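Just below is one structure, and these are the notes that go with it.
Derivation of every value follows stated rules applied to the coordinates shown; laboratory data play no part. All values reported here derive from a predicted model rather than from experimental measurement. Ideal geometry is used to build each Cβ from the backbone, glycine not excepted, and the neighbour counts take in all protein chains shown.
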Amino acid sequence: MVFDSTAHSDHEQVSYFTDPETGLQAIVAIHDTTLGPSLGGTRMLDYASEDAALEDVLRLSHAMTYKAAAADLPLGGGKAVILGDPDDLSSEALFEAYGRAVDCLAGRYITSVDVNSGVEDMDVVARETDHVVGTSDGLGDPSPITAHGVFHGIRACAESVYGTRSMDGRDVVIQGLGKVGRSLAEELLADGASVTVTDVDTEAVDAFAEEYDVETIDPEAVYSQSCDVFAPCAVGGVVNDETIPQLDCDIVAGGANNILAERRHAAVLREQDILYAPDYVINGAGLITVAKEYLGGTREEAYEEAAALGDRLLEMIELADERDTTVLDAADAYAENRIEGGERMPTIPT
């Protein structure tokens, strides 16, 4: 029974929505609203099972709570997943139905773009609810700003490891050439880095390599590629018991969510003298952008705050060194201190 499950015992609310007419099957997970309404994107994937979808949305919503807190935002953590093949299901009718589902939550959850959902989809959702950001009438696609924050986070890691933030001559391997990975690659190249790219979409890799004259590598060989920085910008869980022994890098820092398969892997990386930048800190600029849209602000302000993530990350790195612990522990402590000082939203907004 779902109500007997302890999987989401630390979440405030987990809601399941279906609409047989459009094929909508969605899960919305609200992790914590201590600091404000939960905000997180909508991911659309053809999950292997409903259990896999639930596990994903629970992990992602939990991370969003910490991401908002670490970015000093007055927001909580939430996330949504739509189950199914985007090519088969994606339609205006489905996203209208999803918008009605979001509206049922009366502002406790605010949705936005994520994997396989874009600005045009949020425009459709906005027909049915006001609790949506990332629309064409707002600040638009946050992906380039997310990449900008990741870029400055990588530069902060470089300062800690090499004594300079300049990426000139540094070798960076980017896993995933989606909107964030591509923008990150462009910024790194502009800063003088040597970039190697990989993606399961070989056409995207070949086109990028031809345009920018960069090296490419097969997806299965990416973990053993010698480099200064390994930047995962695709799916989560890629740093795990199988891949860590293959890593030949000094820094793991990228735009993907939940890069570590398990929390303990942060300590394993530290034991191997690999600096890990907590993903919910370094990729927080996407949330900063949609928060600016929700709270009031400009895209230029979002870019400025994205750049400042590098300084915050460096402070966490230095704190971890002082306490002889992982940067993930230092980041969690920062976020938890903020959450402990907040007051949770009422279950039914007034």
Once you sort the root eigenvalues of the Cα gyration tensor of the stretch 15-82 as a ≥ b ≥ c, which label holds: rounded (a/c under 1.5), prolate (a/b larger than b/c) or oblate (the other case)? prolate
Scalar couplings 3J(HN,Hα) for the stretch 30-40 by Karplus 6.51 cos²θ - 1.76 cosθ + 1.60 (θ = phi - 60°), nearest whole Hz, x for Gly and Pro, are 9, 7, 7, 10, 4, 8, x, x, 6, 9, x
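Could you line up F208, F230 from fewest to most neighbouring Cβ atoms inside 10 Å? Each step should come with its number before you reach the end.
Details: F208 22, F230 27.
Result, fewest neighbours first: F208, F230.
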Just check the chain against the gyration tensor rule for me: Cα atoms, a ≥ b ≥ c as the square roots of the eigenvalues, rounded for a/c under 1.5, and otherwise prolate or oblate depending on whether a/b exceeds b/c. prolate
Relative to the longest principal axis of the C-alpha atoms of the chain, give the angle of the C-alpha long axis of helix 92-104, reported between 0 and 90° and rounded to the nearest 10°. 80
If you fit an axis through the alpha-carbon atoms of helix 202-212 and take the longest principal axis of the Cα set of the chain, what angle between them do you get, 0 to 90°, nearest 10? 50
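At 222 nm, what value in deg cm²/dmol follows for the chain if DSSP H runs of at least 4 each add -39500 (n - 2.57) and the sum is divided by all its residues, to the nearest 500? Write out the running numbers ahead of the final one.
Numbers: 12 runs with 149 residues, N = 350.
Computed mean residue ellipticity for the chain: -13500 deg cm²/dmol.
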Classify the stretch 206-350: rounded, prolate or oblate, from the alpha-carbon gyration tensor (a ≥ b ≥ c, eigenvalue square roots; a/c under 1.5 rounded; otherwise prolate if a/b is larger than b/c)? oblate
Fewest-first ordering of I274, I145 by Cβ atoms within 10 Å yields I274, I145
For a quick check, take a GNM of the chain with Cα springs below 10 Å and name the residue from V214, V57, V119 with the largest mean-square fluctuation. V214
In whole Hz, with x marking every Gly and Pro, tabulate ³J(HN,Hα) for the stretch 71-79 from phi via Karplus 6.51 cos²θ - 1.76 cosθ + 1.60, θ = phi - 60°. 8, 6, 9, x, 9, x, x, x, 7
Taking amide hydrogens as modeled 1.01 Å from N in the peptide plane, which residues meet the under 5 Å criterion relative to T196, leaving out close sequence neighbours? V172, V173, I174
Helix 285-295 sits at what angle to the longest principal axis of the chain, using alpha carbons and giving 0 to 90 degrees rounded to 10? 40
Treat every Asp and Glu Cβ in the chain as -1 and every Lys and Arg Cβ as +1, leave all other atoms uncharged, and give the resulting dipole magnitude about the Cα centre to the nearest 20 debye. 1060
